[in-house]
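Since the structure comes first, as structure tokens, the remarks are kept for the end.
The values are calculated or read from the model by the stated rules, or taken from the named source; none is laboratory data. Everything quoted here is computed from the prediction, not taken from an experiment. Every residue, glycine among them, receives a Cβ derived from its backbone with ideal geometry; neighbour counts consider all protein chains shown. Ligands, DNA and RNA are excluded from the accessible area calculation, which covers all protein heavy atoms including side chains. Shrake-Rupley method; radii C 1.70, N 1.55, O 1.52, S 1.80 Å.
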Amino acid sequence: MLKCRTVWKKLAPLARASSTVCRQNVRRTGNVTLTCVPVAHMSTGPAGGGRENQLYVLLVGAACVGGAIYTYRTVKGDNQRYQDRIDEISSRPYKRATEEPPSTVIPFFLVPSHTPYLLIGGGTASFAAARSIRARDPGAKVLIVTDEPDPPYMRPPLSKELWFSNDPSVTETLRFKQWNGKERSIYFQPPSFYINAEELDGAENGGVAVLTGKKVVHMDVRGNKIKLDDDTEISYDKCLIATGGVPRNLQVIERAGEEVMKKTTLFRKIEDFKSLDKVSRNIKSITIIGGGFLGSELACALGRRSTEYDLEVVQMFPEKGNMGKVLPEYLSNWTTEKVKSEGVKVISEALVKSVVCKDDKLEIKLKDGRLVKTDHIVAAVGLEPNVDLAKSAGLEVDSDFGGFRVNAELQARSNIWVAGDAACFYDIRLGRRRVEHHDHAVVSGRLAGENMTGANKPYWHQSMFWSDLGPDVGYEAIGIVDSSLPTVGVFAKATAKDTPKAATEKSGTGIRSESETEDTAISPVASLTPAPNVGQHKDEYGKGVIFYLRDKVVVGIILWNVFNRMPIARKIIKDGEEHADLNEVAKLFNIHDD
Amino acid sequence: MSYCRQEGKDRIIFVTKEDHEAPSNAELVADDPNDPYEEQGLILPNGDINWNCPCLGGMASGPCGSQFKEAFSCFHYSKEEVKGSECIDNFRNMQECMQRYPELYPQEEDKESSQAEASSSSVSAAPTEGSALPPETDSTPATSTSESAVSSDSTSLIDNQTAS
């Protein structure tokens, strides 16, 4: 397309020139109206102007031939330049791992033209919905369309467990050994679980098919069909949009140019994990920008490697302490100290002013003048929900929280539901919100699947989330956990038994949200450090419960180093009652017990 | 003794074990076991099986989902002396299907026999427990443990049939 434009730009003056010549000639002959096309008039000119006509024909002909030669030369030159550029780009060292993912890519040859259930996006919410649909609608045929090359996988281990694995081939297998000895893959199901897309129509008992590497670019809500990036159209009966989001970047980095972008990782997918793992082994210093969940988890994970690989790990963020937007200040400060003890150099109250690449190193200049020199940057500054389809589908986008606006039943319009990170939904208890956590993706995906099969249930079962920052600090949380709300924290002193490691060993579970169902999960304890400081100091926040209040009602709860009590927390939020004495409520958690 | 501090809008209370010994006087709202909004356990209030229960993992949704549903439904509604004795064909179909997907339904013999007793007793107890104890399950999809637990239960049933 660019070629055409440049060619046209070059031809335009020529065209204009030749047309002016023609027009002038026409005027001279004086027997044609100016609205007519000059060239045509040439051939129908009066007999008297014959010789002049021939001259004009010659002139125009010459101009055209000249133009053609010029065009040909330019296009050839452009082509050559283009080829040179392509060669140059491909000769650059690859940033990402180029290995093919092991046999988890689902091959397909034909795409079904219609599917009863279409799920756009192949992440956690989508998979949970697929499972829900299959459980409730016998023989259901479900088609998942994802632009990633991988079938559905879980995201938390990418910034936690996978980093603690001792297996050198972990970037290939993507398996991790849990502390209870059980190993599992990050993929929800092995490839044999899914059926091929072309077999979906004829499958007697239905099934789940995954179309990888395909992006949905257009949605026709009236016609109940979508269009892929290769122009294939698929019609559906019910559709789920679970497109998740794309990591945000700092403007200063985007504007800093290609050299800086090459040394920056926006972390979200499997390929980001692979490339970051590779990069982190070959550099001397890495800086993580962002002090939230992802940033802090990655900082701790990399911090643990810092001694092994002689790697300096820096984390910087504008808040006063890690998780500054989630934890009350006293706890955020305490957590920051713990993160530091994981080998991370924490720079708080840091606003990035500019980033430049000098002598193959990155120089980050902060607004207060401090300068940080590093080899690589990981930007963990939030997620931009993917609402690309909103325009073509005519769906509402929420201006406060971002994402598609849906009702309490997760429905956007008839036959269209949205779940996961991209859904801004109405929570009957806590109000309109958008949640970016793994368990929410599972819960909302499952709910959407239920509603797609006729359940009509609102979002009611409150999802939870968790985070571990090293072996000593782990917490589970539920509801609205915003540090700007007034909080009441009830703490006891921690013993050696109150660590994330101990919690999973005891319950024999893995992923924290599953520990409530006695299923596998994981805890990221790699070092065998002794129990946390059981000092006499009064301000040791070993374990406890923190209540977040809005108008005197508990809207959020953090269980700090206290595990397997989520059902109680969920109940308190569900009740939505005003409690006069939160210490009494805290008693329900038995924080002193194991 | 408990110790309390205020930091701006945040209140911090430190409590000893003795402080929390007395039972709580916090009032919780009574739960309605038939609340349609609530997450249901394995058995729904009307006695049907909740195929979407996270405790089943991927059993009802995988490639052998329909065979599993038939076998388990037959067992659940069975009124025979030996529960599920008429369901042997269903279970055989299910096992045949599962053997075609060893990756999804690992066939570990030793684990099965030890888990068989545990899970068969829990499965038969499930109908009574189900409504009273709604499991707070937000689990991500199946892991091999739950799948092998339920599949081992079914195979143990078949073994029982052949034995008797």
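Listed values, structure above:
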quantity	calculated
Residue among B:Glu112, B:Glu117, B:Glu108, B:Glu39 that alone is modelled with pLDDT under 90, under 30 Å from A:Leu410 (Cβ atoms) and surrounded by 12 or more Cβ atoms within 10 Å (Cβ to Cβ)	B:Glu39
Single match in A:Val534, A:Val553, A:Val525 (criterion: surrounded by fewer than 18 Cβ atoms within 10 Å (Cβ to Cβ), more than 9 Å from chain B (Cβ to nearest Cβ) and modelled with pLDDT under 65)	A:Val534
Segment A:445-454, residues that are open to solvent by 30 Å² or more (accessible area, probe 1.4 Å) and either among the β-branched types (Val, Ile, Thr) or facing chain B (nearest Cβ under 9 Å) (or both)	A:Thr453
Check on A:Gly474, within 12 Å of chain B (Cβ to nearest Cβ) and either under 27 Å from the mean Cα position of the chain (by Cα) or modelled with pLDDT of 95 or more (or both)	no
Qualifying residue in segment A:395-413 (condition: modelled with pLDDT of 95 or more, open to solvent by less than 10 Å² (accessible area, probe 1.4 Å), in a helix (DSSP H, G or I) and over 30 Å from B:Ala60 (Cα atoms))	no
Candidate set from segment A:302-335 (those that are part of a helix (DSSP H, G or I) and under 18 Å from A:Val381 (Cβ atoms)); member that is nearest to the chain's Cα centre (by Cα)	A:Leu302
Total residues in segment B:62-72, condition without any contact (Cβ under 8 Å) to a residue 24 or more places away in the chain and polar (S, T, N, Q)	1
Identity of the residue in segment B:26-64, under 19 Å from A:Gly139 (Cβ atoms) and not in a loop (DSSP other than H, G, I, E, B), that ends up farthest from the chain's Cα centre (by Cα)	B:Ile49
Where B:Cys64 falls short, out of the listed (1) at the interface with another protein chain (Cβ under 7 Å from one of its Cβ atoms); (2) in contact with a Cys (Cβ under 6 Å, 6 or more places away or on another chain)	(1)
Some residue of segment A:200-210 being in contact with a Ser or Thr (Cβ under 7 Å, 6 or more places away or on another chain) and closer than 19 Å to B:Leu56 by Cα	yes
Counted residues, segment A:269-294 - those being in contact with a strand residue (DSSP E or B) (Cβ under 9 Å, 6 or more places away or on another chain) and either open to solvent by less than 40 Å² (accessible area, probe 1.4 Å) or part of a helix (DSSP H, G or I) (or both)	16
In segment A:116-127, residue surrounded by the most Cβ atoms within 10 Å (Cβ to Cβ) [restricted to those that are in contact with a Ser or Thr (Cβ under 8 Å, 6 or more places away or on another chain) and among the hydroxyl-bearing types (Ser, Thr, Tyr)]	A:Ser126
Positions within segment A:158-175 being within 22 Å of the chain's Cα centre (by Cα) and under 19 Å from A:Ser306 (Cα atoms), in sequence order	A:Leu158, A:Ser159, A:Lys160, A:Glu161, A:Leu162, A:Trp163, A:Val170, A:Thr171
Pair list, Cβ under 6 Å, 6 or more apart: segment B:73-91 residue open to solvent by less than 90 Å² (accessible area, probe 1.4 Å), other residue hydroxyl-bearing (Ser, Thr, Tyr)	B:Gly84/B:Ser78; B:Phe91/B:Ser154
Residues that are part of a loop (DSSP other than H, G, I, E, B) and touching a helix residue (DSSP H, G or I) at 6+ places or on another chain (Cβ under 7 Å), drawn from segment A:414-445	A:Ala419, A:Arg429, A:Glu436
Scan of segment B:42-65 for residues that are more than 30 Å from B:Arg100 (Cβ to Cβ) and either buried (at least 20 other Cβ atoms within 10 Å of the Cβ) or in contact with a Pro (Cβ under 8 Å, 6 or more places away or on another chain) (or both), ordered by number	B:Pro45, B:Gly47
Subset tally (residues that are more than 33 Å from the chain's Cα centre (by Cα), open to solvent by 50 Å² or more (accessible area, probe 1.4 Å) and either within 7 Å of chain A (Cβ to nearest Cβ) or of a type in the set (S, T, N, Q) (or both)) for segment B:9-25	3
Members of segment A:214-264 that are on the phi > 0 side of the Ramachandran plot, in contact (Cβ under 8 Å) with a residue 40 or more places away in the chain and not small (Gly, Ala, Ser)	A:Asn224
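For (1) hydrophobic (A, V, I, L, M, F, W, C); (2) closer than 18 Å to A:Lys373 by Cβ, each residue gets a yes or a no:
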| position | (1), (2) |
| --- | --- |
| A:Asp220 | no, no |
| A:Ser235 | no, no |
| A:Arg255 | no, no |
| A:Thr264 | no, yes |
| A:Phe267 | yes, no |
| A:Asp272 | no, no |
| A:Met316 | yes, yes |
